[in-house]
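What follows is a single structure, written as C-alpha cells, with notes after it.
Quick note: the coordinates plus some simple rules give every number you see, no bench work behind them. Predicted model only: the values in this text are computed from it and were never measured. So basically every Cβ, Gly included, is an ideal-geometry build from the backbone, and we count neighbours across all protein chains shown.
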Amino acid sequence: MDVETNKAIGRCLRDVRKARHLQQRDVAAAMGRPQSFVSKLENGERKFVLAEIFAYARALGMSAHDLLDDVEGALTLPEPSSKVSTGGEKDQC
C-alpha cells in the first residue's frame, strides 16, 4: 500500500475511535502498547500487521470484521488489475 492509503486507513481508525469516545491512551492501554504506537497507526506512519488489527478492534470493543468493514467502506481502493482464476470459484482466505 502507498503512503496515502495508509493515511486514509489511519484517519478512518481515528474516526472510529473518536465515535466510541475513546482516547489514544485508552486504546494503547488495551493493546498493551504506548500511546505513540496508536498515534503512528492513526497518522499512517506505521502499517498494521494482522495481530494488531485484532488487538485494535478489541480495544475499541468491536470485532476485527466490523472494524475492517468500516475501513473498507471509508476507502476507495483501486480494483486489482487482474485476478488469477482458480477454476471459476472465488478466492477465499
Item checked: Karplus 3J(HN,Hα) series, Hz, for the stretch 26-32 with 6.51 cos²θ - 1.76 cosθ + 1.60 (x for Gly, Pro) -> 5, 5, 4, 4, 5, 8, x
Checklist line | Residues with amide H under 5 Å from that of Gly44, placed H, sequence gap 5 or more | finding: Gly10
Next item on the list: In nm, give the distance between the simple-model label positions of Ser39 and Ala51, each being 7 Å from the Cα along the Cα-to-Cβ direction.
Entry: 2.4 nm
Check: So what are the ³J(HN,Hα) numbers for the stretch 59-65, from phi and the Karplus equation (6.51, -1.76, 1.60; θ = phi - 60°), rounded to whole Hz, Gly and Pro as x?
Finding: 4, 8, x, 9, 7, 4, 4
Next item on the list: Grab the Cα-Cα distance for Leu68 and Val3, subtract it from 0.36 nm times how many residues apart they are, and report the gain in nm with one decimal.
Entry: 21.6 nm
Notebook entry, point to check: For the peptides 66-74, 39-47, what is the packing order when you average, over each peptide's residues, the other Cβ atoms within 10 Å and list the highest mean first?
Noted result: 39-47, 66-74
Note to self: Can you tell me how the stretch 3-74 classifies by the Cα gyration tensor, rounded, prolate or oblate, using a/c under 1.5 as the rounded cut?
What the structure shows: rounded
